[in-house]
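Reviewing the structure listed below.
Derivation of every value follows stated rules applied to the coordinates shown; laboratory data play no part. Everything quoted here is computed from the prediction, not taken from an experiment.
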Amino acid sequence: MTASLLAIDSFELARSRRQIEGDVPIVQMPRLAEFVPTAQGDIRYKIAGLIDDEGHPAANLHVAALLTLTCQRCNGPLEFALDRTMQFRFVDSEEELNSLPIEDDEVDAVVGSKNMSIYDWVEDEVILSLPLVPRHEECALPLASDPDLTGTAAPNPFAALIASRSDDGARH
């Protein structure tokens, strides 16, 4: 099933307090595939519609997956366990979304619609959940594995200049 075929009426989902769950293959998420070296596996999602404490249509979105990222220290594969739940308020338009106060960190707002793509929504939230700089807790840097480079200091490129200035100073 392609991303465009799996759509919901977000407002009806909230009103009916319906729950939807499923899996999205990473290969069907082209923007996410740019962040992972291999686009294998699935993103598991669960959406629970609700009306929030202020009476707005809303939903809880839970995403879970085991993703392989690239460590920015050693360039090796890094297993990243994603398991996150977020609450969203559905708004009617971009204008309404832009008018909401930025200070509210508890609830994110998203433009809802009668034909909202679940795959696009899940993909957006997975990308936003990735670490900015993925790296292992501990890893060997690529240069540290080369025995010729460990323990030897690089020659100072200015050593000859310093030596020549010292010689000039002795002549005056």
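Observations
- For the stretch 19-114, the relative contact order is 20 percent, taking Cα pairs closer than 8 Å that sit 6 or more residues apart in sequence and dividing their mean separation by the residue count.
- Using the alpha carbons alone, the radius of gyration of the stretch 3-52 stands to its Kirkwood radius in an Rg to Rh ratio of 1.09.
- Interchain or long-range residues, amide H under 5 Å from S113's placed H: S10, F11
- Karplus-derived 3J(HN,Hα), 6.51/-1.76/1.60, for each residue of the stretch 39-47, Hz, glycine and proline x: 8, 9, x, 10, 9, 8, 10, 9, 10
- Contour excess over end-to-end distance, with Cα ends at L130 and E21 and 0.36 nm allotted per residue: 37.1 nm
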